[in-house]
């Protein structure tokens, strides 16, 4: 049964909070904290210039809060009221933004639509494929210790842009969660002399994570449905949950994972569904990575997708890179999730060689697709037509020979 996707005009927040281009960062931060939002459209008079995001400000924590927001703008995707939920989801995933402006025919700002708006709509959609949380979540390979400092947390700012991180105690038990928005309470609070914290007489960056984390963290059990997780995120107004096993977080399910599930459920609307129509999502890369690395990954993935396309129609490929924070070596885990017109395929690899790991993953996905297709073909060949098996059992070979002989004799 096809899904009747809601439109951006139905899901968006109308009359959103906006800022003029010459407003200071301090004003943007105040609005973000009081309204619990991460992006604010920036206008010059009534013209949309772009958006100021919490992530952009957090990456430049050394910049004065008097800096004008116009100097830190990002260019968002422009969504129209008629854009469908999967189309908006694809735009947010492609840009890494949590929200995007919705504009009218003349480019006027009509509203803002966020990941939260999209996730809120998912449980009410009939026909959307259900999936267990451990299948679509990513490995919780990076943990924050409760006695780690804010300075350490800022070093993982790119991870925080994707989802909240689990906070564990000395025994590895989950005690809380910390996200990007939690940093706002410590990074831009008033100081004396601009350098020292009034109470601790030390740098604010040396405050322990336990002082800003949210506790308890919200969790789901193994085997829970992704849509149940979406309901929990909506009810508690959070962007991610942890999959818990024996008191320890093993996987993280974020809003982006749910949106990937949506995008992966929609076949290309145009063309024959070739490799050029496949949406490829790569997360977990560091900002300091070699710029050529992503191009190498894209080249490697494209070749494998062409082979896979001979057997099924690939729709979406998600690759997530998770470095091992507690490992003494440079090992990392690469996880792959491939959405196709016949189902979802999974693979993972752990090792120090990233490209070799991705190559092995793609080979494994190709093998899975081939085995699945061959199994279906075999079942199709073995399935007898209705009544055919009974008819075969009562045929007398000698009688059949006589009938054929008589037929040949009658031919002129």
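Read-outs: derived from the displayed coordinates by stated rules, not from any lab. Small disclaimer: the values here were computed from a predicted structure and weren't measured. Heads up, the Cβs are rebuilt from the backbone with ideal geometry, glycines too, and the neighbour counts pull from every protein chain shown.
In table form, for the structure just shown:
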| read-out | value |
| --- | --- |
| Calculated FRET efficiency for the pair residue 105/residue 44, C-beta based, R₀ 22 Å, to 0.05 | 0.65 |
| Prolate/oblate/rounded call for the stretch 8-115, Cα gyration tensor, a/c under 1.5 rounded | prolate |
| Cβ-derived FRET efficiency at R0 35 Å, residue 331 paired with residue 237, nearest 0.05 | 0.50 |
| Separation in nanometres of the label points that stand 7 Å from Cα toward Cβ, at residue 250 and residue 342 | 2.9 nm |
| Overall form of the stretch 64-138 per C-alpha gyration tensor (a/c, 1.5; a/b vs b/c) | oblate |
| Difference of contour (0.36 nm per residue) and Cα-Cα distance, residue 22 to residue 206 | 63.0 nm |
| Stretchable slack from residue 33 to residue 378, in nm (0.36 nm times residue separation minus alpha-carbon distance) | 118.3 nm |
| Least to most buried among 212, 308 (fewest other Cβ within 10 Å first) | 212, 308 |
| Cα-projected label distance for residue 149 with residue 363, points at 7 Å along beta-carbon direction, nm | 4.5 nm |
| Per-residue Cβ neighbour rank within 10 angstrom, fewest leading, 345, 242 | 345, 242 |
| Ascending count of other beta-carbon atoms within 10 Å, so fewest first, for 113, 297 | 297, 113 |
| Segments 75-81, 249-255 sorted - mean Cβ within 10 Å per residue, highest first | 249-255, 75-81 |
| Added length on full extension, which subtracts the Cα-Cα distance from 0.36 nm per residue, residue 14 to residue 352 | 116.9 nm |
| Cα centroid of the stretch 209-243 to Cα centroid of the stretch 1-66, whole Å | 24 Å |
